[in-house]
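The values are calculated or read from the model by the stated rules, or taken from the named source; none is laboratory data. Model, not experiment: these values are computed from the prediction. Heads up, the Cβs are rebuilt from the backbone with ideal geometry, glycines too, and the neighbour counts pull from every protein chain shown.
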Amino acid sequence: MPNPAREFTTVMIELPTAARVDMIVFDMMGRPVQRVLTNENLLAGEQQIRIDTDFLAAGNYFVMLRAEGASLVQKLIVGE
């Protein structure tokens, strides 16, 4: 994924089994600023998820992925 992102970024994930997935972008204060996926049923295997960042102010964010009780957080930098 391009990091820093400008207009968009693509997150690649691999799911061992089909799962319901949430993906949320948070600002540095922990406030949700974009819900990318909400309880989305994704198939097993590699997935590419596009996050539009063109409306976000330049700065640092966190992307949280939740699937089947597990979660992962990754830093996202949005450039000017």
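Structure values in brief
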quantity	calculated
Residue ranges of strands (runs of 3 or more DSSP E) in the chain with at least 1 members touching a residue at least 40 places away in the same chain (Cβ under 8 Å)	8-15, 19-27, 45-52, 59-67, 70-78
Residue check, N39 modelled with pLDDT under 95 and of a type in the set (S, T, N, Q)	no
Single residue of segment 9-46 satisfying the filter (charged (D, E, K, R) and in contact with a strand residue (DSSP E or B) (Cβ under 7 Å, 6 or more places away or on another chain)) that is farthest from M64 (Cα to Cα)	E46
